[in-house]
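Bear in mind these aren't lab numbers, they're just calculated from the coordinates by the rules spelled out. Since this is a predicted model, take the numbers as computed values, not measurements. Here the Cβ is made from the backbone with ideal geometry for all residues, glycine too, and neighbour counts use every protein chain on show.
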Amino acid sequence: MSKYDPLTEHLMRRGQARIPMRFSEIEAVLGFQLPSSKSYRAWWSNNPSNNVMTKAWLAAGYRTEQVDLEGERVVFARQDNDEVSKKEPTGRPKGRHPAWGALKGTTIIRPGTDLTEPAEPEWGEVYGN
């Protein structure tokens, strides 16, 4: 159980598409002050490996938008189910990388080529037998 679970529960209970909150409102929901790192934009990113609190709003199905550090406000926007289901826990899209197979067919190996043969036979002589 995370100390940020009350935020997850709060967002899920509200269930709105967009939930604007002041940092002080988040602190009231949590029952403690946010860390000083709340002053950095990166702390509010939607990267699940960023911090424990990020996992709280992602678990509720939300992402952060319109982070106003000076005004100490943030908007939690609900992610649609397609967007959530297409991501792995790391936040990356599921499946292979888009570059997978991009070089297919660009290399030709001539028949009779031994791929296990050293490129320079003298290399074996360097280490001595």
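Taking θ as phi - 60°, what are the ³J(HN,Hα) couplings along the stretch 66-73 by the Karplus curve (6.51, -1.76, 1.60), each to the nearest whole Hz, with x for Gly and Pro?
Taking θ as phi minus 60°, the curve returns 6, 6, 10, 5, 5, x, 6, 9 Hz for the stretch 66-73.
Find the relative contact order for the stretch 30-69 and round it to a whole percent, using C-alpha pairs within less than 8 Å whose residues are 6+ positions apart.
After rounding, I find 37 percent.
Mind listing the phi-derived Karplus ³J(HN,Hα) values for the stretch 15-26, rounded to whole Hz, using 6.51, -1.76 and 1.60 with θ = phi - 60°, and x for any glycine or proline?
x, 6, 5, 9, 10, x, 9, 7, 4, 5, 5, 4
Non-local amide H neighbours of residue 79 (under 5 Å, H modeled in plane, Pro and chain starts lacking H): which ones?
HN-HN under 5 Å from residue 79: 62, 63.
Which FRET efficiency value, to the nearest 0.05, is calculated for residue 17 and residue 102 with the Förster distance at 30 angstrom and r the Cβ-Cβ distance?
Computed FRET efficiency for residue 17 and residue 102 comes out at 0.20.
Suppose a student asked you for the relative contact order of the stretch 8-84, using Cα pairs under 8 Å spaced at least 6 residues apart; what percent would you report?
37 percent
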